[in-house]
């Protein structure tokens, strides 16, 4: 994605032979203390989550009086220390079916990922490859907009939605998420687009392709991995969003996060139920990551070889 | 957090349709029927006199939206208490609850998208909504009549801003309680103290007879965004006891400075217990652990035998872990936080208020219902697990579920009682929800002196 | 019309609405591209606007307008219309409460993005093409899938304090006790607590850095690494002299993005300490003033300060961009 070398891509030798030798070389280089480092990071990054997972299966009083790691010893001693109580409360403790919140989360998330990415792709192409007047200034402005805190936009946007009579519908949520995602999406995708070798674009232009054709036939295939990567992040942000959901939505659009946030109880004392809630809401993003990971890693390599 | 369609007929349908669960709202009701949902589901309906709502005309099929901080599981009983009204009038109450409500309500108000009715957890928010956004509608006559009939005049004042009465009180809390374990006290031969001096003597006795992590008192003031508020309650209780209700009123209204010697003295009265490492913090650590211990768990060391006394409001009854028995013979119970003599009985109270943003007939009708004794009794009946009371004088204590709730209401209705509203809820937001909280937190966390804390808070008074 | 706006409680209706929204959007985009592609020799601004127009219009209405409004509000007293000039800013730079906040924010921006990027880079490099690559990346990515509030709750557990003599429930203190030490009040000790809260942020953002940097490491042409290897470059030299220069633009992008996120993130501090014990940052203070104190003027001033803090980051990026273009 970020090949800065301007070589003409077609002269690159087939990757297979050298690639495998390089792979072997790399393996030898990174061991063993590098491997140790990797393991240390992986463990540090996993242990807190495991702790929460174990916690989510423990009874309330146990959570407050002993550490989660003690369950392993207790389990050996044959004591029943696990319970599904927290999950029961999280899933069925409300007057509303959990499935309804899941449906809402999906309905909110899919367009809120698809729409901004599409808009951002077009804009990123415009900023990267169309030499129009004021382009640089506009791009810097878009880039700087990343720092605008969403909170300052809430009142003006909601007022506008109320005036238009569309407040409390899915449409306002999709629109809001799309707007908030644009600065970062354009910035990231622009950087990916910039790295596409100029020669490829020129070649297509010589063949008589216009911008629309270049966009679809040259850029899109090369950008698949970048799109997949950004799609994951956008998916996560929207899926985990509480603020936009609360402000722009209403009872009929509330996603899972709104329900999960309530699990702590009116006075914040029931956070043992939260641990179960957190895992219920994590399931989908993790599946999405696993599904897309393979796709964008492979895509990235393919792109590198081709480009 | 869901539109509830209550009513006997619909409920029968719900049971039938629940399994198919194509109609998700109906299916949702069925969940409650299964008993997994909590307390509100199967309660017998409370009978009310429907004629009170005839003056509002035919309301069948209309909707009133309510926005509140009361989430599950309390939301269940809250919604159940609306049932009699819904059955009488055919109005559907749309209930929306969020823990972020206090931040979100002003956003909605400013954007022109307010709910019909909001249940405000404290009068400070009412004050802000009225003075800064001019958004709340004055209470209709029918509501005012109810409040005049069923509430002490002082409660009406809390719902009044600049001479206009806006918000009727709803539920009430009583904060001047000390939680303890009756059996631990009995085993050790301790008596429930009746004066402040008794309390200090008892504290000293316990401190002399315990060792290790166990201490006479435990306290915790961590509460997320609102960290510090439980400590402000301590101070307010002390001001009421050491300086008296008159000074208390002057202090809250800023007629005397926050760092007045009388107030400093009250801080030190609290500090005598809370900043004495021999007395705190049972099972939780040293004095500084008061700042980091979650208020919701801070009483739990009592259950482990590491702590003897925990000062907390009546609603702490619902915070005990599942299976804890609350009662005079149970695992935990509470006694009134004593005053200097047995003749005086100052009580620190707090409560919710109903603000209306629209004036459609169904909204006024619902407001009227909420301010009536009918609602208070319906709510009491709908809350079989207890932990809820109201200072509504029409509330029949018989309807309250637990001994403790009855004790709470008796405390409220005792003629000797001089009740004062939670001061931090009445002070300007810059103090009441900011510098007072953070000042208290620093008082414990970095052992900041009383003089500095009080003068910092005085500085921040707008 | 109402059918298109409100889906009510019917899940099928909701899903249909979602498909319709996507369909309408695709149609709109198709029309725009069709129009742009129509003329034989279109003016550059016309094509440029065709591609960027939708984004620019949305940003104008959704971000620029509120931002301008905010700048204006920052000169007003609370929620009133009274113009008070720079008073809000003066407060932000004189009141000790805010000075702590500014100092902490500087610390955050200077430390958190670099640590997260560095760890993400090292990890991406080390696990690259190893046998366990997918699993290893999945583990570090996991925290990204948890909301910031969820992650903060997890770490609150880790830092939890129980006094000596009572069983520990926090992992960090348990380790200390196992090693024979005394349990510590982690979140109370300044300035350590600010760094401990940063750990949570780094814990989340490393996954972001790793994902993007790993992709860009994979894109380094093998002939470059091969040539370097033949020249006798190896081990740390390979990492320092080949990998890092090759992915430099990606590094800048990742650093910038995380720095921007750092400035905006407030839920972590809010959940961990609510800004107590000297840990507050501008983003949290902004939230506090705006949504809890209802002081719109002060909140706006703090938001504007966030813009100002980000100016150097923008300038740096523009410079980098120029450099890359010169090479081209």
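The values are calculated or read from the model by the stated rules, or taken from the named source; none is laboratory data. As the structure is a computational prediction, the values presented were derived from the model and not from experiment. Cβ: placed from backbone, ideal geometry, glycine included. Neighbour counts: every protein chain shown.
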Qualifying position, being more than 14 Å from chain C (Cβ to nearest Cβ) and either part of a loop (DSSP other than H, G, I, E, B) or surrounded by fewer than 21 Cβ atoms within 10 Å (Cβ to Cβ) (or both), among B:406, B:459: B:406
Could you say which residue among C:71, C:32 is in a helix (DSSP H, G or I), over 26 Å from the mean Cα position of the chain (by Cα) and surrounded by 13 or more Cβ atoms within 10 Å (Cβ to Cβ)? C:32
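Yes or no: the stretch C:79-87 includes at least one residue that is part of a helix (DSSP H, G or I) and either under 19 Å from residue C:310 (Cβ atoms) or modelled with pLDDT of 90 or more (or both).
So in the stretch C:79-87, the residues part of a helix (DSSP H, G or I) come out as C:87.
Now drop any that are not either under 19 Å from residue C:310 (Cβ atoms) or modelled with pLDDT of 90 or more (or both), which leaves C:87.
The answer is yes, given that some residue of the stretch C:79-87 is part of a helix (DSSP H, G or I) and either under 19 Å from residue C:310 (Cβ atoms) or modelled with pLDDT of 90 or more (or both).
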Looking for something in a loop (DSSP other than H, G, I, E, B) and under 19 Å from the mean Cα position of the chain (by Cα) - is there at least one such residue anywhere in the stretch B:146-157? yes
Please verify whether the stretch A:129-145 includes one or more residues that are in contact (Cβ under 8 Å) with a residue 60 or more places away in the chain and either at the interface with chain C (Cβ under 10 Å from one of its Cβ atoms) or in a helix (DSSP H, G or I) (or both). yes
Residues satisfying the stated conditions in the stretch A:49-70, i.e. at pLDDT 85 or above and surrounded by fewer than 21 Cβ atoms within 10 Å (Cβ to Cβ): A:50, A:51, A:53, A:54, A:57, A:59, A:69, A:70
When you scan the stretch C:251-282, how many residues do you find that are assigned to a helix (DSSP H, G or I) and touching a strand residue (DSSP E or B) at 6+ places or on another chain (Cβ under 7 Å)? 1
Name every residue in the stretch B:251-267 that is part of a helix (DSSP H, G or I) and either surrounded by 15 or more Cβ atoms within 10 Å (Cβ to Cβ) or touching a helix residue (DSSP H, G or I) at 6+ places or on another chain (Cβ under 6 Å) (or both), in order of residue number. B:251, B:252, B:262, B:263, B:264, B:265, B:266, B:267
Looking at the stretch B:358-383, which of the residues that are within 18 Å of the chain's Cα centre (by Cα) and not in a helix (DSSP H, G or I) is nearest to residue B:411 (Cα to Cα)? B:383
Please tell me if residue B:410 is under 17 Å from the mean Cα position of the chain (by Cα) and free of Cβ contacts under 8 Å to residues at least 60 places away in the same chain. yes
Residue check: is residue C:108 surrounded by fewer than 17 Cβ atoms within 10 Å (Cβ to Cβ) and within 16 Å of residue C:308 (Cα to Cα)? no
Among all residue pairs at least 6 apart or on different chains, which show Cβ distances below 8 Å where the first residue, located in the stretch A:204-215, is free of Cβ contacts under 8 Å to residues at least 40 places away in the same chain and the second is loosely packed, with under 14 Cβ neighbours inside 10 Å and part of a helix (DSSP H, G or I)? A:204/A:217; A:209/A:217
Just to be sure, is residue A:91 in a helix (DSSP H, G or I), more than 8 Å from chain C (Cβ to nearest Cβ), farther than 20 Å from residue A:241 by Cβ and under 23 Å from the mean Cα position of the chain (by Cα)? no
For the stretch B:333-357, what are the residues that are more than 17 Å from the chain's Cα centre (by Cα) and within 14 Å of another protein chain (Cβ to nearest Cβ)? B:357
Within the stretch B:44-76, how many residues turn out to be assigned to a helix (DSSP H, G or I) and more than 11 Å from every other protein chain (Cβ to nearest Cβ)? 7
Those residues of the stretch B:116-149 which are under 15 Å from residue B:170 (Cβ atoms) and facing another protein chain (nearest Cβ under 10 Å) amount to B:121, B:125
Filter pass, residue A:113 being facing another protein chain (nearest Cβ under 7 Å), in contact with a helix residue (DSSP H, G or I) (Cβ under 7 Å, 6 or more places away or on another chain) and part of a helix (DSSP H, G or I): no
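Residues checked against (1) at pLDDT 95 or above; (2) assigned to a helix (DSSP H, G or I); (3) outside the structural domain of residue B:371 (by TED's automatic domain parsing); (4) surrounded by 17 or more Cβ atoms within 10 Å (Cβ to Cβ):
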{"position": "B:105", "(1), (2), (3), (4)": "no, yes, no, yes"}
{"position": "B:109", "(1), (2), (3), (4)": "no, yes, no, yes"}
{"position": "B:119", "(1), (2), (3), (4)": "yes, no, no, yes"}
{"position": "B:124", "(1), (2), (3), (4)": "no, yes, no, yes"}
{"position": "B:127", "(1), (2), (3), (4)": "no, yes, no, yes"}
{"position": "B:131", "(1), (2), (3), (4)": "no, yes, no, no"}
Considering only the stretch A:249-276, state which residues are part of a helix (DSSP H, G or I) and more than 10 Å from chain B (Cβ to nearest Cβ). A:256, A:257, A:260, A:274, A:275, A:276
Scanning the stretch A:229-248 residue by residue, the ones that are at pLDDT 85 or above and more than 12 Å from chain B (Cβ to nearest Cβ) total 12
For the stretch C:150-192, which positions are under 28 Å from residue A:281 (Cβ atoms), assigned to a helix (DSSP H, G or I) and more than 7 Å from every other protein chain (Cβ to nearest Cβ)? C:151, C:152, C:156, C:159, C:172, C:186
Of the residues in the stretch C:3-12, those that are within 10 Å of chain A (Cβ to nearest Cβ) and part of a helix (DSSP H, G or I) come to C:4, C:5, C:11, C:12
Would you mind telling me which numbered condition in (1) more than 26 Å from residue B:369 (Cβ to Cβ); (2) in contact with a strand residue (DSSP E or B) (Cβ under 7 Å, 6 or more places away or on another chain) residue B:421 fails? (1)
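This table checks each residue for (1) at pLDDT 90 or above; (2) in the same structural domain as residue A:110 (by TED's automatic domain parsing); (3) surrounded by fewer than 24 Cβ atoms within 10 Å (Cβ to Cβ).
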site: A:132; (1), (2), (3): no, yes, yes
site: A:143; (1), (2), (3): no, yes, yes
site: A:150; (1), (2), (3): no, yes, yes
site: A:160; (1), (2), (3): yes, yes, yes
site: A:168; (1), (2), (3): no, yes, yes
site: A:182; (1), (2), (3): yes, yes, no
site: A:198; (1), (2), (3): no, yes, yes
site: A:204; (1), (2), (3): yes, yes, yes
Inspect all residues belonging to the stretch B:255-267 and state whether any of them is within 14 Å of another protein chain (Cβ to nearest Cβ) and under 21 Å from residue B:295 (Cα atoms). no
Which residue, of C:70, C:117, C:105, C:52, is at the interface with chain A (Cβ under 10 Å from one of its Cβ atoms), touching a helix residue (DSSP H, G or I) at 6+ places or on another chain (Cβ under 6 Å) and closer than 22 Å to residue C:262 by Cβ? C:70
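Kindly establish whether residue A:164 is assigned by TED's automatic domain parsing to the domain that holds residue A:107 and surrounded by 20 or more Cβ atoms within 10 Å (Cβ to Cβ).
Considered against the rule, which asks whether it is assigned by TED's automatic domain parsing to the domain that holds residue A:107 and surrounded by 20 or more Cβ atoms within 10 Å (Cβ to Cβ), residue A:164 comes out as no.
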